[in-house]
Every structure is written in C-alpha cells, then in structure tokens.
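In what follows, a structure is listed as structure tokens, so that the remarks can point back to it.
The numbers here are math on the coordinates, done by the rules we state, and not lab data. Everything numeric in this text was worked out from a predicted model, so none of it was measured. Here the Cβ is made from the backbone with ideal geometry for all residues, glycine too, and neighbour counts use every protein chain on show.
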Amino acid sequence: MIASKTHPGDSLIELIGIEKVYRVGTELVRALRGISIAIHENEYVAIMGPSGSGKSTMMNILGCLDIPTAGKYMLRGRDVSTLSQSRLARIRGKQIGFVFQTFELLPRTTALKNVELPLMYAQVSHKKQRALAALQRVGLEDRAMHRPNQLSGGQKQRVAIARALAQTPDIILADEPTGNLDSKTGEEIMTIFDSLHAEGQTIIIVTHEEEIAARCRRVIRLYDGLVASDDTVAQTRPSPPRAAMTVS
C-alpha cells in the first residue's frame, strides 16, 4: 500500500490516520486502516475499490455521516472527527452536497420543493430563488413543478444535483451517480459534473466504473481499508466551457 498525497495546511479536506472499526457479532472489522489523504479546492476526485475495500465507509466519513474510530478529519482546517451528531448535521447542511445513486427524492413533492428542502433545514433566505437557479443550472427550470414520477431517471438525478448545488456547498459528494442510468443519460450527468468542476466546484465521486473515474482528474483506489494507489489522470477531453450560476 502507498502513502497518499498530503499537503498539510492548504487542504480543503485532510484525513490523518483515519481508522474505522465495526463490531459484527463477536468480530471486529477494520473497514479503514490508517488512511491519510488531502483533497484541495476544485479537485475532481474518484474513489474506487472492490466490495469491502472501505470506499463506502470513507464516503460516510467524508460526508460527516459517520465518525472515525481513530484519526482526524480536518475540514477547512477544523477537526470534525469528534463532533456531536447535531453539529455534524449542521456541517452537512452548509458545506456538503450529496448526490445518491437512488436520487433520494420525496415522491409526492415537486422538483422545486425537493431542491428547496435542505435550504429550509439550513434556514437560508431566498430559498425559492436559489432552488430555481439551481434547477436552471442543470437545465430543468421547465420541470420545476413536476413530481419525481413525472421525470425520467436522468431528470431525477439532475434534480438531485440541483438540490446539492442550491446549498452552495464546499464539496459535492456523489455516490455512484450514474449507477441507475443508461450510458447516454450517464454521459449527460457526467457532463454536468465536468462543467461544475470547470466552474471551481470540488467534486468527489465514489464509483466502480472505470469510464466514470477516467472523467475525474484524480483517482484514489482503496483495497482492504488502505490506499492502494492515488494517481492524477491524464485528460484527453477538452474542459467544458465555464458557465456561472447566479443565486441571491
């Protein structure tokens, strides 16, 4: 296993010796075994690994959905690895936008209200304007009043991306974002991520698909709870044009 890239002091994210141990019956399972990595502003990172490698556990820790057993998680220079669940929830609401494989949309609620929902919890102003701007950014302003059962799979995922964007997060964390989509629709979703990265957004994608990882600029591979490799990806496709998303 390798020592991953770290740059203390100028990182958006820094994991320092992160371990996670679960008890399964009478056995202890070491899901992560001393991971140290740094991720900077505007990085476009894929996290890969076989089943049981620890990538889902790492995603949960990066997303402040779980806390490590040992080690430190520094987010913008603040150690969040020992915070209470209520304080972690506040960080998730303000700094991390999630995009899930299964979309996680409320079925009886319009696209607009789905995008507004995290803004309500975060108690921000101009919720409707921000939600509409986010839907416009992903090309769905004309579907704002549609419910999920009136949308295609790709449109549902674009609503999920808009929901993440509306929070103006430091990080977008995507878990297998094209896993439930056909290849053409998956390409459309990845084009949105490419464009967001070109605008300066930090994006971390957990995936098992090599073609998805190839779109990113850096690929971290896990194996048995350790970093097996951490490589910069040579890019052959041109960067997408920059486009500003304006929210009030």
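How much mean residue ellipticity at 222 nm does the chain get from its helices, if each DSSP H run of length 4 or more adds -39500 (n - 2.57) and you divide by all residues, to the nearest 500 deg cm²/dmol?
Helices in the chain give a 222 nm mean residue ellipticity of -9000 deg cm²/dmol.
Is any residue of the stretch 166-183 close enough, with backbone N under 20 Å, to a label point placed 7 angstrom from the Cα of residue 65 along the Cα-Cβ axis, and if so, which?
Only 166-181 pass the distance filter.
Just want to confirm a number: the relative contact order over the chain, from Cα pairs under 8 angstrom separated by 6+ residues, in percent.
Reported as a whole number, the value is 27 percent.
Can you compute the modelled spin-label distance between residue 72 and residue 191, with each label point 7 Å from Cα toward Cβ, in nm?
Result: 4.4 nm between the two label points.
With only Lys, Arg, Asp and Glu charged, each at its Cβ (+1 for the first two, -1 for the last two), find how big the charge dipole of the stretch 1-136 is about the Cα centre; round to the nearest 20 debye.
So the dipole magnitude of the stretch 1-136 works out to roughly 440 debye.
Cross-chain or 8 or more residues apart, Cα under 29 Å: how many lysine pairs in the chain fit that? Count them up, please.
23
Hey, how many Å between the Cα centroid of the stretch 46-61 and the Cα centroid of the stretch 96-122?
24 Å
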